[in-house]
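Read the structure below first, then the notes.
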Amino acid sequence: MFSFNMFDHPIPRVFQNRFSTQYRCFSVSMLAGPNDRSDVEKGGKIIMPPSALDQLSRLNITYPMLFKLTNKNSDRVTHCGVLEFVADEGICYLPHWMMQNLLLEEGGLVQVESVNLQVATYSKFQPQSPDFLDITNPKAVLENALRNFACLTTGDVIAINYNEKIYELRVMETKPDKAVSIIECDMNVDFDAPLGYKEPERQAQHEESAEGETDHSGYTGELGFRAFSGSGNRLDGKKKGVEPSPSPVRPGDIKRGIPNYEFKLGKITFIRNSRPLVKKVEEDEAGGRFVAFSGEGQSLRKKGRKP
């Protein structure tokens, strides 16, 4: 009989809650397989080997899994999520824009560490090209693109794909920390002026000196209704004698509205009758009393007196 006491000498659990491994990184285009993995380039997640999943499952880490990527040669840092665990052992696949932020080349070494990030509340982006202004609703496009991202890092330049065109955006600011998680969060988004954008120059107004002089020639088409200004039609179809002859318009004929001098801010006045009221005729000297049978009679045939 043999007895094994496995708990006499427990295995020390150093860094139990921390995952830290070094991999050689490659872009997604180097991933072997018949399937097209261009969807990885549209987001901020990486592909890791199956051994990383086995090691992470043994650790007491928080979900979702977020990682800190460090290039020790250039001291560049970024953060990401994980999409799948199907890479070859010792290799991880990164989006091309993420390798550019880390200044990594194909086959370079990158340190991958598990981290816990706070949930984002605010972020500010700066488009790297004025072409981003051609998008009708940039906030909706960015919101749809960020669904493929797990976190944001201040200083990174992310790439989003819209209408078969790639737009680069620099993360100018994130709150409450420089690296935040954007999974299931309510985040306010703001945009800075695009890189290289110039505001259109306003034309100098040279017409200020001529404001006092009013040209009445432009009011001809704004007079409204004019009686008998149309043209007539004949039954025989001839055009003779049917041409209108409108009277010439003089500046004095132009009627303008009367300003309301009693206008007060926040008060709307509805004028029911804009015409001035006609003054009543003064009453008769008798006081305008009614007198019965005061009219004069009329006869249909006047009879003359016989001589």
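The values are calculated or read from the model by the stated rules, or taken from the named source; none is laboratory data. Just so we're clear, the structure is a prediction, and the values are computed from it rather than from any experiment. Ideal geometry is used to build each Cβ from the backbone, glycine not excepted, and the neighbour counts take in all protein chains shown. SASA here: full protein model, heavy atoms, side chains in, ligands and nucleic acids out. Shrake-Rupley method; radii C 1.70, N 1.55, O 1.52, S 1.80 Å.
Structure notes:
- Flag if Leu195 is part of a helix (DSSP H, G or I) and more than 15 Å from the chain's Cα centre (by Cα): no
- Filtered residue count, segment 100-112, keeping only those that are open to solvent by 40 Å² or more (accessible area, probe 1.4 Å), outside any helix (DSSP H, G or I) and touching a strand residue (DSSP E or B) at 6+ places or on another chain (Cβ under 8 Å): 3
- Verdict on Leu53 being touching a strand residue (DSSP E or B) at 6+ places or on another chain (Cβ under 9 Å), assigned by the TED database to the domain that holds Glu184 and either outside any loop (DSSP other than H, G, I, E, B) or open to solvent by 60 Å² or more (accessible area, probe 1.4 Å) (or both): no
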